[in-house]
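See below for the structure under consideration.
The values are calculated or read from the model by the stated rules, or taken from the named source; none is laboratory data. Since the model is a prediction, treat every value here as computed from it, not as a measurement. Quick reminder, even Gly has a Cβ in these numbers, built from the backbone with ideal geometry, and neighbours come from all protein chains shown.
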C-alpha cells in the first residue's frame with residue numbers, strides 16, 4: 001500500500017468521524033432536544049477555561065489569599081474571567097467561521113514572518129507554563145508520598161492519552177470529566193467556614209488593597225491576570241473548535257459553552273482564594289511555604305481531608321493544563337508547518353503533531369526534576385510573562401475578527417470591538433506598569 005493511499009484512507013476516516021458527530025448534532029436539532037444539543041456541542045469552552053485554572057494559576061490564587069485575604073481580590077478575579085470570556089468569544093467565532101486554527105489564520109493573513117513569530121512566542125510561553133504544570137503535578141502528588149519522577153512520568157502518560165484515543169470526541173469527553181475536578185476547591189473553601197456575609201460584601205463593594213500598593217502586590221495582580229488570560233487559550237480553543245467541526249450555526253452554543261466554563265472556573269478560583277485566606281487571617285505569610293506546602297499549611301484549619309483535597313486539586317489542575325497546553329502547541333505547530341494537526345488522526349498520519357504534543361511535555365517534566373531548578377520563581381513569574389506576551393495576541397485577534405473576508409457576517413460588531421479593545425488596553429497597561437516597576441522601582 002502506498003503512502004498516498006494510506007494518508008487518503010486516514011483522511012477519509014477523519015471525515016467520517018466528523019460526519020458522524022455532525023449527524024448527531026443535526027438529529028438533536030431536528031428533534032428539538034436543546035439539552036442534548038448543548039451536550040454535543042460543548043467542550044472547547046469548558047476545557048479552555050477550566051484548563052486555564054492550571055497549577056500556577058491555583059498557586060497564584062493561593063498566594064493571593066494567604067498574603068492579602070479576600071477583600072480586594074475576589075471581585076478582581078471575577079473581572080479577569082470576564083475579560084477572558086470576551087477574548088474567547090471572539091475565538092469561538094473565528095474558529096467556526098474560518099474552520100481553521102489560530103496560527104494558520106495569522107500565517108495566511110499576516111504572512112510567514114508573523115505566523116512564525118506567533119508560533120515561536122506561543123511555544124516559548126507554553127514551554128515555561130508546562131514547566132510550572134509539572135511543578136504542580138509533583139507538588140500535588142508529593143503530598144501523597146509519590147516520588148517526583150513517578151509523578152512526572154504519570155503526567156506525561158496522561159498527556160499521551162491523545163496518542164491512544166485517536167478520536168477528538170473521546171479525548172475531549174475524558175478530559176472534560178477530569179477538568180471538572182477543578183471544582184474541588186469549592187468544598188475546600190466551604191471547609192474553612194468563611195464568613196459568607198464578608199465574602200458577599202467583598203464581591204460587591206470591592207474593598208481597598210490591604211497594606212497599600214507595592215511591587216509584591218503588583219506581581220500578584222499580574223499573576224492573577226495571567227492566570228485567566230493567556231495566548232495559549234486562543235490557539236487551543238480555535239484549534240479545538242475546528243477539530244470538533246463546529247460551524248457558524250453552532251456559535252451560540254459555543255458562547256454558552258465558554259460562558260459556563262468561565263463561571264465554573266471563576267468559582268474554583270474564588271474557592272482557592274477563600275480556602276487560603278485563613279493563612280492571611282492568622283498572619284502566616286505565604287513566603288514561609290513552598291508550592292508543595294500550601295496543603296500542609298491548611299491542615300490545622302481544614303483537617304487532613306481538606307489538605308488532601310487541596311493537594312488533589314493542584315495535581316488535577318496540572319494534569320489537565322499540561323494536556324491542553326501541549327495540545328495547543330501541537331495545533332500551532334501543525335498549522336504553521338502545514339502538516340496534519342488533528343486528534344482524529346493516527347500517529348503515523350500526524351507524526352509532527354504528536355511529536356510536538358508529547359515532546360514539549362516530556363522536556364518540561366524533565367526540567368522539574370533537575371536539582372536546584374528555581375521552581376518557586378518560575379511558578380509566579382510564568383503568569384506575569386503571559387501578561388507581557390498577551391498584547392500582540394489580542395492585536396492579532398481583533399484584526400482577524402474584523403476581517404470580512406474571513407468572518408463574513410460574523411465579524412465583530414462595534415460593541416464587541418469596544419470590549420475587546422478594552423481588554424487589550426487593560427492588559428497592555430498592566431504590562432507597562434510592571435515594566436516601570438522594574439525600571440524605576442522607587443516609584444512603587
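General remarks:
- Taking every residue in region 410-429 that is outside any helix (DSSP H, G or I) and pairing it with any residue that is surrounded by fewer than 19 Cβ atoms within 10 Å (Cβ to Cβ), at least 6 positions away or on another chain, the pairs with Cβ-Cβ distances below 6 Å are 411/402; 411/404; 412/402.
Table: residues versus (1) crowded, with 20+ Cβ neighbours inside 10 Å; (2) farther than 19 Å from residue 138 by Cβ; (3) modelled with pLDDT under 85.
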site	(1), (2), (3)
270	yes, yes, no
274	yes, yes, no
282	no, yes, yes
316	yes, no, no
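- Close pairs from region 245-256: first touching a residue at least 12 places away in the same chain (Cβ under 8 Å) and at negative phi, partner outside any helix (DSSP H, G or I) and exposed (fewer than 15 other Cβ atoms within 10 Å of the Cβ), Cβ under 7 Å, at least 6 apart: none
- So residue 200, is it without any contact (Cβ under 8 Å) to a residue 40 or more places away in the chain and either at positive phi or part of a helix (DSSP H, G or I) (or both): yes
- Which numbered condition residue 150 fails, given (1) within 30 Å of residue 367 (Cβ to Cβ); (2) touching a helix residue (DSSP H, G or I) at 6+ places or on another chain (Cβ under 7 Å); (3) at pLDDT 90 or above: (2)
- Among the residues listed as 52, 20, the single one being farther than 24 Å from residue 180 by Cβ and either at pLDDT below 85 or touching a helix residue (DSSP H, G or I) at 6+ places or on another chain (Cβ under 8 Å) (or both): 20
- Test for residue 256: is it at pLDDT 90 or above and either in a helix (DSSP H, G or I) or out of contact with any strand residue (DSSP E or B) (no Cβ under 8 Å at 6 or more places or on another chain) (or both): yes
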